[in-house]
Amino acid sequence: QVQLVESGGGLVQAGGSLRLSCAASGTISSFNYMGWYLQAPGKQRELVVRINSIGSTNYADSVKGRFAISRDNAENLIYLQMNYLKPEDTAVYYCSATKLNVDYWGKGTLVTVSS
């Protein structure tokens, strides 16, 4: 069983930055994928960015050039650096991991961007 715990959310003004962290209970280098998803109020959960085991990434168009995923294999952490935040980025952000075709999710961390 993989456990994921997000942290780093909060309230920030438009144009500001936040860094989210996700601590995994397993060895993240063994996961097929890890990533970040967001769910805005009243909307479905959607991909922000995903990274595979060899480091290839897939970003949503809406965050390209503003957000960056990184990982620390030694500490079993992944990060989401979010810059130039916009009010429409307001959402609960979830960390995800996929291992052997099973998806795992954290409980999410709320990011609120004020205008």
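The values are calculated or read from the model by the stated rules, or taken from the named source; none is laboratory data. Keep in mind that this is a model prediction, so the values were computed, not measured. Cβ sites come from the backbone with ideal geometry, for glycine too, and all protein chains shown count toward neighbours. Just the protein is used for accessible areas: all its heavy atoms, side chains included, with ligands, DNA and RNA removed. Shrake-Rupley method; radii C 1.70, N 1.55, O 1.52, S 1.80 Å.
Take every pair of alpha-carbon atoms less than 8 Å apart whose residues are at least six positions apart; their mean separation over the length of region 50-115 yields a relative contact order of 23 percent.
Residue-wise HN-Hα couplings along region 7-21, as the Karplus relation 6.51 cos²θ - 1.76 cosθ + 1.60 with θ = phi - 60° gives them from phi, are 8, x, x, x, 9, 9, 7, 3, x, x, 10, 9, 10, 8, 10 Hz; Gly and Pro carry x. Within the straight-line cut-off of under 27 Å between alpha carbons, the lysines reachable from LYS86 are LYS43, LYS64, LYS107, sequence neighbours fewer than 8 places apart in one chain being disregarded. Give me the percent relative contact order of the chain, please, defined on Cα pairs under 8 angstrom at least 6 residues apart. Once divided by the residue count of the chain, the mean separation gives 37 percent. Packing-based ranking of 11-20, 78-87 yields 78-87, 11-20, ordered from highest to lowest mean Cβ neighbour count within 10 Å. Computed over the chain, the P(r) curve from all C-alpha pair distances, binned at 5 Å from the origin, holds 2, 13, 25, 26, 19, 10, 4, 1, 0 percent per bin. Relative to the Cα centre, the charge distribution of region 1-89, modelled as +1 at Lys and Arg Cβ and -1 at Asp and Glu Cβ, gives a dipole magnitude of about 140 debye. For the chain, the share of accessible area belonging to carbon and sulfur comes to 46 percent (1.4 Å probe, ligands and nucleic acids excluded). The GluC sites (Glu not before Pro) found in region 6-105 that occupy coil by DSSP, while having at most 13 further C-beta atoms within 10 Å, are GLU75. In the full protein context, region 10-57 carries 53 Å² of accessible surface per residue, based on a 1.4 Å probe and ignoring ligands, DNA and RNA.
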